[in-house]
Amino acid sequence: MLEIKDINTYYGNSQALFDMNMSVDKGTVTTLIGRNGMGKTTTVNSIMGITPLRTGVITFLGHEIQSLPSYKIAQKGIGLVPEGRQIFPNLTVRENLIATAANFSQSSKTWTLDSVLEFFPSLNSKMDNMGNQLSGGEQQMLAIGRALMLNPQLLILDEATEGLAPLIREQIWLRLSELKETGLTILLIDKNLDALTQIADRHCIIEKGQGVWQGDSQQLIASPELRTRYLGV
């Protein structure tokens, strides 16, 4: 579904990604993992056109998207839950959700306001609250719900459970497992390796702006040397 081939991304004159390669197959959960500052968010921003790449190719559903503006990439069917949630603080929960409502992929089974609230019932009582009046966990639920309202074919979550209380993290992992069961393709960034190996089909490790390893959960679990080298603090 998504293929990143030899992309190089810069911030000014400072290079952040070096011939980065990875792929995401349809209907799978794929993780992008690595230590802080290794290029995970830059990879996501490059996919979404937020940080344009200088060279390389990104294809989504067989079409090149690297030269498109961000809103066109979203319209192709990629929903983003960004790091730090970035919900609209001065809009209500209802307004945050309906602001992105669309069905560009023409899916017959769509996410609606009602289905998102059924998926995240704790948002029901907050519909008239402003985004900045929500807890961190509620904001993350809202950010995921907002991305689902786009009815994406690929959902990207950058730091899915960062800074959340343990109980809220468990709820988020449960919901992501339920999304996987629907067949939604997911690209996931998080630091909770135990949870990632339970939910994900494949993993891509990034080190200093380069993809250095790809494999499945069994391979990752069976290689403590790999985890120590690339993921240990």
Using a 10 Å cut-off on Cβ atoms, rank the peptides 139-146, 166-173, 204-211 from the highest mean neighbour count down. 139-146, 204-211, 166-173
Prolate/oblate/rounded call for the range 1-90, Cα gyration tensor, a/c under 1.5 rounded: rounded
Each label sits 7 Å from Cα toward the beta-carbon; between ASN8 and ALA102 the label points are separated, in nm, by 3.2 nm
In terms of the charge dipole of the chain, which places +1 on Lys and Arg and -1 on Asp and Glu at the beta carbon, the residue among ALA200, LEU164, ASN8 farthest towards the positive end is ASN8
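Do the alpha carbons of any pairs in LYS5/LYS180; LYS76/LYS126; LYS72/LYS109; LYS126/LYS191 sit beyond 27 Å of each other, and which pairs? Numbers along the way, then the final one.
Details: LYS5/LYS180 25 Å; LYS76/LYS126 30 Å; LYS72/LYS109 22 Å; LYS126/LYS191 29 Å.
From LYS5/LYS180; LYS76/LYS126; LYS72/LYS109; LYS126/LYS191, over 27 Å: LYS76/LYS126; LYS126/LYS191.
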Antiparallel DSSP beta bridges within the chain, as percent of all bridges there, nearest 5: 55 percent
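Each value in this text was obtained by applying a stated rule to the coordinates, not by laboratory testing. All of these numbers come straight from a predicted model, not from anything done at the bench. Cβ: placed from backbone, ideal geometry, glycine included. Neighbour counts: every protein chain shown.
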